1. If I go through the stretch 10-27 residue by residue, how many of them are open to solvent by 70 Å² or more (accessible area, probe 1.4 Å), out of contact with any helix residue (DSSP H, G or I) (no Cβ under 8 Å at 6 or more places or on another chain) and not small (Gly, Ala, Ser)?
2. Which of (1) at pLDDT 95 or above; (2) at negative phi does ASN13 not meet, given it meets every other one?
Amino acid sequence: MIELIEQYLNQFNENFPLYALMGVEEAEIEAIIQDCLDKGTPYRPPEMDEKNLY
C-alpha cells in the first residue's frame, strides 16, 4: 500500500486522506487508490454527517 500512496502523492501533489477510511480493510483502500490513479482524479471522501467522528 505504501507504493500506491507514494504514486498518489506524486500524481496529485497531495496526501491520500487515509483518515476518511479508518476501519476499512487494506485491500479495499488499495482498490480505491488504484481507481483514483487509473481515472486521474483525486479521492474526495463523502461528506460526513454530524454523527460521524474521526
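The values are calculated or read from the model by the stated rules, or taken from the named source; none is laboratory data. In this text the structure is predicted, and so the values were computed from the model without any measurement. Here the Cβ positions follow ideal geometry from the backbone for every residue, glycine too, while neighbour counts run over all protein chains shown. With ligands, DNA and RNA removed, areas are computed over all heavy atoms of the protein, side chains included. Shrake-Rupley method; radii C 1.70, N 1.55, O 1.52, S 1.80 Å.
1. Selection size over the stretch 10-27: 6.
2. Every condition holds for ASN13 apart from (2).
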